[in-house]
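The values are calculated or read from the model by the stated rules, or taken from the named source; none is laboratory data. Worth saying up front: this structure is predicted, and the values here are computed from it rather than measured. Neighbour counts are summed over all protein chains in view; Cβ atoms, including those assigned to glycine, are modelled from backbone coordinates with ideal geometry.
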Amino acid sequence: MTLVLGCIADDFTGATDLAALLARSGLPVSLRIGIPQERRDRNETAAFEVIALKCRTVPAEIAVEQARQALDWLQEAGASRFFWKYCSTFDSTAAGNIGPIADMLMAETGATQTIYCPSFPENGRSVFMGHLFVGEQLLSESPMKNHPLTPMRDSSLVRLLTPQVNGAVGLASHNTVSKGMAALKARLAQLNSDGIRHVIVDAVCDGDLRAIAAASFDMPLLTGGSAIAGQLPQFYLEQGLVSFSTHRQTPPKVGDAPIVLSGSCSAMTRRQVANYAGKVASLRLDPIALSHQGASAALEWLRQQRADAPKLIYATAEPDEVRRAQECLGRDKAGQVVEDALSEIARVAFDRGTRRFVIAGGETSGAITQALGVKHLAIGPEIAPGVPWTFATVGGETIALALKSGNFGGEAFFTDAFDRLEAA
Ligand code: ADP
């Protein structure tokens, strides 16, 4: 099939979110975890190929190199348009990777200008006058200010991006976007003639996203969250750049034995864990204890549970507790012991017959899928906006994985997820 858009995502749940929104078009979407090692066979590519990296918090030069390899693969697979996907809350450290990767992708694809559009109105993320809002709060006043790895303490995307890129950062504000595609195109052209190659674009509703997609779908490089990407397929279809294949895939059958593994400390995940912990057997992990004893106590607990009974294992904690663990172990070590433990637990759960995994947390999902040896996911039914069930093969067995980034899904997400799979 014609590969119409090659996508690079900075983490795993970001990639599944993007894949889910592209899949709403009904066109085939393929998600590959890490730089694919297999041959770049143009006959086997989907309309949308998404490569999931785990580069959000690694040093910039490593992140850029990973993205360059992903780009090489996508170009060889036939892509000529590209999408650089990061979180709708613009997660990055001050030495962050969003800008350096965009600069490299622009240079390699010959893009003279690109847009930055993290808005995801359906999930409460909007950008107004260059400032990012989470619901009704500025990003810097939202729970994102306490994120364990990428605390967001500024809401101005111009200020956040400027130190990360070569050249000035411009803004196409809502005054322009709300006037529609032609006004936005004119604004982008004017900024380009002023030498401004990096443009933050306001969007507060899906109508804004449609205008932005109409004005920019043929740029060689677009950057942003999944919602702007979700608007692109209709333009590719209208332009005849891609068309529907004759059959749609039905989801494969997977064994039951469900487990929820949560390493996300985001506000919504904390509510989801509290909701689900009351319903199924659950175990809380303490990073400080894990740093002394590893996952042995948790594995013992797992072995005592009925293999087919639903269960929840989580390191999810309130900001105070996260801070305590980070002060004791250091930020990276605290995150690492949790990711290592949940990875080992996932492997043991698989060996004991678990085939349905719900994983909460972007970094956590990356670590667990890697530990399970998952390389390629087919995209299945959407559970909540941006969170689909996905299917993979591990040791010859089909497993279902729902990879949820921190703040996605409603309070009953874990129950909803398993119900959705039953209904598929
Ligand atoms: P989200 O999608 O919510 O951002 P991530 O999995 O990407 O979640 O990031 C959460 C990070 O916090 C992970 O590295 C995880 O290992 C770490 N973490 C989880 N629980 C704790 C805890 N109790 N203390 C400190 N760090 C934690």
Exercise for the section: Quick one: Ser126 ticks every box in (1) at pLDDT 95 or above; (2) in a loop (DSSP other than H, G, I, E, B); (3) closer than 25 Å to Lys54 by Cα; (4) polar (S, T, N, Q) except a single one, so which number is it? Expected result: (2)
Completion exercise
With criteria (1) under 23 Å from the mean Cα position of the chain (by Cα); (2) farther than 15 Å from Val177 by Cα, Gln239 comes up short on (1)
Handout entry: Search result, residues across the range 399-414 that are touching a Lys or Arg at 6+ places or on another chain (Cβ under 7 Å) and either in the same structural domain as Leu31 (by TED's automatic domain parsing) or hydroxyl-bearing (Ser, Thr, Tyr) (or both)
Key = none
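The rows are residues; the columns are (1) more than 18 Å from Phe12 (Cβ to Cβ); (2) surrounded by fewer than 24 Cβ atoms within 10 Å (Cβ to Cβ); (3) outside the structural domain of Asn192 (by TED's automatic domain parsing); (4) in contact (Cβ under 8 Å) with a residue 24 or more places away in the chain.
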{"site": "Phe48", "(1), (2), (3), (4)": "no, no, no, yes"}
{"site": "Arg81", "(1), (2), (3), (4)": "yes, yes, no, yes"}
{"site": "Tyr86", "(1), (2), (3), (4)": "no, no, no, yes"}
{"site": "Pro100", "(1), (2), (3), (4)": "yes, yes, no, yes"}
{"site": "Thr112", "(1), (2), (3), (4)": "yes, yes, no, yes"}
{"site": "Cys117", "(1), (2), (3), (4)": "yes, no, no, yes"}
Practice task
Examine the range 131-138 for a residue that is of a type outside the set (S, T, N, Q), touching a Lys or Arg at 6+ places or on another chain (Cβ under 9 Å) and closer than 15 Å to Met268 by Cβ, and state whether such a residue exists.
Solution key: yes
Practice task
Determine which member of the set Val177, Val169, Val134, Val204 is aliphatic (A, V, I, L, M) and within 16 Å of the ligand (Cβ to nearest atom).
Solution key: Val134
Practice task
Give the residue, chosen from Val260, Val201, Val242, Val254, that is modelled with pLDDT under 95 and in contact with a helix residue (DSSP H, G or I) (Cβ under 6 Å, 6 or more places away or on another chain).
Solution key: Val242
Practice task
Might you let me know whether the range 181-197 holds any residue that is of a type in the set (Val, Ile, Thr) and free of Cβ contacts under 8 Å to residues at least 40 places away in the same chain?
Solution key: no
Handout entry: Whichever residue in the range 323-346 is closer than 18 Å to Pro59 by Cβ and of a type in the set (Gly, Ala, Ser) and, among such residues, is nearest to the ligand (Cβ to nearest atom)
Key = Gly335
Practice task
For the range 386-407, name all the residues that are within 16 Å of the ligand (Cβ to nearest atom), closer than 15 Å to Leu261 by Cα and either hydrophobic (A, V, I, L, M, F, W, C) or in a strand (DSSP E or B) (or both).
Solution key: Leu401, Ala402, Leu403, Lys404
Handout entry: Selection from the range 264-298 of residues that are crowded, with 16+ Cβ neighbours inside 10 Å, in contact (Cβ under 8 Å) with a residue 40 or more places away in the chain and under 17 Å from Val348 (Cα atoms)
Key = Leu285, Leu290, Ala295, Ala298
Problem - Test: residue in the range 230-240 that is within 9 Å of the ligand (Cβ to nearest atom) and assigned to a helix (DSSP H, G or I) - result: no
Practice task
Run down Ala289, Ala277, Ala298 and say which single residue is within 15 Å of the ligand (Cβ to nearest atom) and within 27 Å of the chain's Cα centre (by Cα).
Solution key: Ala277
Handout entry: Qualifying residue in the range 146-163 (condition: farther than 18 Å from Phe90 by Cβ, buried (at least 16 other Cβ atoms within 10 Å of the Cβ) and touching a strand residue (DSSP E or B) at 6+ places or on another chain (Cβ under 8 Å))
Key = no
